[in-house]
Every structure is written in C-alpha cells, then in structure tokens.
Amino acid sequence: MSVLNNQVLDPWSTRTAQIKEIVREIDGVATYELGFQDQSEGLEFTFHPGQFNMLYVPGVGEAAISISSDPNRRSTLSHTVRVAGNVTGQLARMEVGATIGLRGPFGTGWPIEECRGGEVIIVTGGIGLAPLRPVIYELIARQREFGQVTLLYGARSPSGLLYTQEFDAWREAGINIQTTVDRASSDWSGNVGVVTQLFDRMKLEAPSQAAVLTCGPEVMMWFAARSARAQNIPIDRIWISLERNMNCAIGLCGHCQFGSTFVCKDGPVVRYDKVAPLLKVEGL
Ligand SMILES: Cc1cc2nc3c(=O)[nH]c(=O)nc-3n(C[C@H](O)[C@H](O)[C@H](O)COP(=O)(O)OP(=O)(O)OC[C@H]3O[C@@H](n4cnc5c(N)ncnc54)[C@H](O)[C@@H]3O)c2cc1C
Ligand code: FES
C-alpha cells in the first residue's frame with residue numbers, strides 16, 4: 001500500500017503489523033509499538049500528528065486509534081489504547097509477537113504550521129494526551145519556530161496521568177508542563193481541580209498569535225475554548241479533536257457524521273469555530 005501526503009491511496013487495504021513492544025502505561029491503558037511485516041511498508045509510512053489508524057484485531061473488528069509516536073522516528077509506530085470494548089479488550093489480551101491489521105493513516109492533523117511564531121497551549125485530559133504526544137515531539141524538534149509551548153494536563157487522579165516518565169525530558173526541551181488532578185492521593189502535592197483552571201491563571205504575552213490545541217471530553221474542550229476566548233485568543237486559533245464512532249474511516253458510511261462534518265475525513269482535528277455551535281455540553 002502506498003501513502004501520498006499522509007493519505008492512503010487504497011484505504012481498504014489492510015497491512016499486517018506485529019506487536020513489537022507493549023508498555024503498560026496506567027491501569028487499563030497500554031502503548032503498542034507496531035512493526036510492519038513487510039519492512040518496506042514501515043519506511044514509506046508517514047503521518048501527521050493527530051492522524052489515526054484503524055486497527056483490526058482478527059475475528060473481532062476494527063477500532064479507530066490515534067498514532068501516539070514521534071512522526072520523525074520512522075522506526076517506531078505506536079498507539080496508546082484504553083480498554084473500552086470488544087477490539088480494545090481483545091488487544092489488551094494480546095502479547096508481543098502477535099499480529100494485527102492496520103489501515104491508515106486517516107483524517108486531519110494538528111495545524112503545526114499555523115502555530116509557528118506564537119505561543120502554543122496544549123490543553124488535555126487523561127488519554128487525550130495520546131494524539132497530542134506526536135505534536136509535542138514535533139514542536140520540540142522544531143523548537144525555534146514556536147514561542148513558549150505549554151502543556152496543561154489533567155487526570156482524575158495522579159495514577160491517571162500518562163507518559164510521566166517523559167516529562168523531565170520534555171521540560172528540559174523547554175516545554176512548560178502543568179498538571180492537575182480531580183482527586184489527590186496522599187503523595188500528591190500538585191494542583192487539584194479542573195485543567196481549565198490552569199489555563200485561566202496563565203499570562204499570555206501575545207494572545208492574538210497564540211494557538212490552542214485541545215483533546216479530551218467535549219465538555220473539557222468547550223471549557224478550554226471558553227478560557228482561551230477569555231484570554232483574547234481568537235476563536236479561529238483554537239483546534240479540537242473530535243471523537244465519533246468510526247466504520248469506513250473514509251467518508252462513505254456516515255457513521256461518524258457530526259452536522260455536515262465527517263469526523264473521519266474532515267476531522268478528527270477541526271478548527272473550533274467550525275463546529276462550536278454543534279457541541280452539546282450538558283447543563284450549559
Ligand atoms: C479519531 C479517533 C481517535 C481515537 N483514538 C483513540 C486512542 O488513541 N486510544 C483509544 O484508546 N481510543 C481512541 N479512540 C476511541 C476508540 O476508537 C473507541 O473507544 C472504540 O470504540 C474502541 O473500540 P472497541 O471495539 O474496543 O469498543 P466498542 O466495543 O466499540 O465499545 C466502545 C464503547 O461503546 C459501548 N458499547 C459497545 N457496544 C455497545 C452497545 N451495543 N450498546 C451500547 N453501548 C455499547 C462500550 O460499552 C464502550 O463504552 C479514538 C476514536 C476516534 C474516533
Ligand atoms: S467512518 Fe464512515 S463516513 Fe466516517
């Protein structure tokens with residue numbers, strides 16, 4: 001299968017990938033490092049941060065899973081998966097060496113080029129950091145092109161924070177990381193409260209040039225956008241990643257439709273002003 005501009009030329013064709021490594025991240029969440037059985041496919045596979053693959057577990061089905069690895073490290077292709085149902089549950093029972101199918105990459109990526117020159121604020125919660133980890137790698141690799149990069153990251157409890165073993169390296173690379181939890185444990189001395197409170201405390205130098213990238217529950221993204229607007233960040237400089245049931249992943253079946261937006265091909269990453277009226281946030 002060939003890939004052109006990070007879109008697959010034959011979106012139905014499934015490649016065989018082998019599980020090379022499994023990193024148990026937190027309870028119910030693991031990162032699967034995959035290698036293509038045909039090694040030349042690995043060399044030609046490229047993706048934009050924010051894109052996803054359809055992972056196929058033989059005899060069970062497919063699930064849309066974001067790519068969570070470094071786009072510049074072609075030797076590694078990772079997906080961080082939370083057990084939700086059939087496919088992800090079966091994946092959790094698989095061992096290193098097992099094979100699965102993979103179609104992709106699909107969808108839109110985060111707007112890295114549009115972030116150039118200004119501050120970048122990444123607002124996320126729980127497993128929402130997975131599709132943003134490739135952005136962090138990319139922003140670190142091209143550090144001089146961006147202003148201060150801030151990661152605001154929340155989880156229900158300290159044990160729900162992903163990739164904490166990488167935080168020191170990210171901080172050393174200049175990323176301002178601030179974490180918060182809904183419920184502290186006895187050994188937690190950090191922030192307690194919702195992640196958008198961290199945003200509200202920020203002092204931005206040039207809000208009109210800042211960009212906000214957010215992924216998580218829709219209510220969190222809605223509040224993140226509200227905080228961004230309160231900080232005078234223009235509405236067209238806020239991007240969110242949508243999640244809907246996927247089937248074909250190429251805009252044919254309508255499973256993922258969100259208003260006139262097909263999340264699989266017009267998203268998952270969309271500019272906030274294009275979908276804001278459609279976001280239904282209960283109680284607001
Ligand atoms: C663009 C995109 C990127 C994504 N990236 C990631 C990622 O990086 N990591 C990740 O872990 N997930 C990700 N997801 C979410 C993932 O695709 C879903 O969780 C997917 O449904 C898991 O498939 P499954 O077969 O394991 O679960 P399913 O069997 O589809 O179950 C999912 C949920 O639906 C419920 N459910 C299932 N069947 C029924 C039914 N008949 N009636 C009522 N409820 C039912 C289950 O209880 C469960 O809560 C992403 C989704 C999208 C759209
Ligand atoms: S998943 Fe079929 S149209 Fe989007």
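The values are calculated or read from the model by the stated rules, or taken from the named source; none is laboratory data. Because the structure is predicted, anything quoted here is derived from the model rather than measured. Glycine gets a Cβ as well: all are built from the backbone with ideal geometry, and neighbour counts include every protein chain shown.
Quick notes on this one:
- Per the listing ALA224, ALA211, the residue uniquely surrounded by 16 or more Cβ atoms within 10 Å (Cβ to Cβ), under 21 Å from GLY126 (Cβ atoms) and either under 18 Å from the mean Cα position of the chain (by Cα) or not acidic (Asp, Glu) (or both) is ALA224.
- Looking across region 134-151 at every residue that is touching a residue at least 60 places away in the same chain (Cβ under 8 Å) and either small (Gly, Ala, Ser) or in contact with a Leu (Cβ under 8 Å, 6 or more places away or on another chain) (or both), the one that is nearest to VAL195 (Cα to Cα) is identified as VAL135.
- Number of positions in region 224-274 that are more than 9 Å from ligand 1 (Cβ to nearest atom), closer than 21 Å to PRO11 by Cα and among the small types (Gly, Ala, Ser): 2
- Within region 56-74, the set of residues being within 30 Å of ARG142 (Cα to Cα), part of a strand (DSSP E or B) and in contact (Cβ under 8 Å) with a residue 40 or more places away in the chain comprises ALA64, SER66.
- Among the residues of region 141-188, those that are in a helix (DSSP H, G or I) and closer than 19 Å to GLU25 by Cα comprise PRO158, SER159, GLY160, THR164, GLN165, GLU166, PHE167, ASP168, ALA169, TRP170.
- Residues in region 239-263 that are among the small types (Gly, Ala, Ser) and either assigned to a strand (DSSP E or B) or touching a residue at least 24 places away in the same chain (Cβ under 8 Å) (or both): SER241, ALA249.
- Set SER189, SER159: member being among the polar types (S, T, N, Q) and either touching a residue at least 24 places away in the same chain (Cβ under 8 Å) or touching a Ser or Thr at 6+ places or on another chain (Cβ under 8 Å) (or both): SER159
- Criterion: surrounded by fewer than 19 Cβ atoms within 10 Å (Cβ to Cβ) and among the β-branched types (Val, Ile, Thr) - qualifying residue of ILE177, ILE127, ILE121: ILE177
- Some residue of region 195-208 being within 16 Å of ligand 1 (Cβ to nearest atom) and among the hydrophobic types (A, V, I, L, M, F, W, C): no
- A single member of THR31, THR108, THR80, THR99 is of a type in the set (S, T, N, Q), at pLDDT 95 or above and over 20 Å from GLU243 (Cα atoms), and it is THR99.
- Test: residue in region 13-20 that is of a type in the set (Val, Ile, Thr), within 16 Å of ligand 2 (Cβ to nearest atom), touching a residue at least 40 places away in the same chain (Cβ under 8 Å) and buried (at least 20 other Cβ atoms within 10 Å of the Cβ): no
- Tally of residues being away from ligand 2 (no atom under 16 Å from the Cβ) and surrounded by 15 or more Cβ atoms within 10 Å (Cβ to Cβ) across region 57-75: 7
- Filtering region 215-233 to residues that are in contact with a helix residue (DSSP H, G or I) (Cβ under 6 Å, 6 or more places away or on another chain) and not in a helix (DSSP H, G or I) leaves CYS215, GLY216, GLN231, ASN232, ILE233.
- Residue within region 37-56 that is loosely packed, with under 15 Cβ neighbours inside 10 Å, within 13 Å of ligand 1 (Cβ to nearest atom) and on the phi < 0 side of the Ramachandran plot present: no
- Residue selected from region 235-269 under the condition within 15 Å of ligand 2 (Cβ to nearest atom), among the aliphatic types (A, V, I, L, M) and surrounded by 21 or more Cβ atoms within 10 Å (Cβ to Cβ), by the criterion farthest from VAL87 (Cα to Cα): VAL269
- The one condition in (1) under 30 Å from THR14 (Cβ atoms); (2) within 16 Å of ligand 1 (Cβ to nearest atom); (3) at pLDDT below 95 that CYS215 fails to fulfil: (3)
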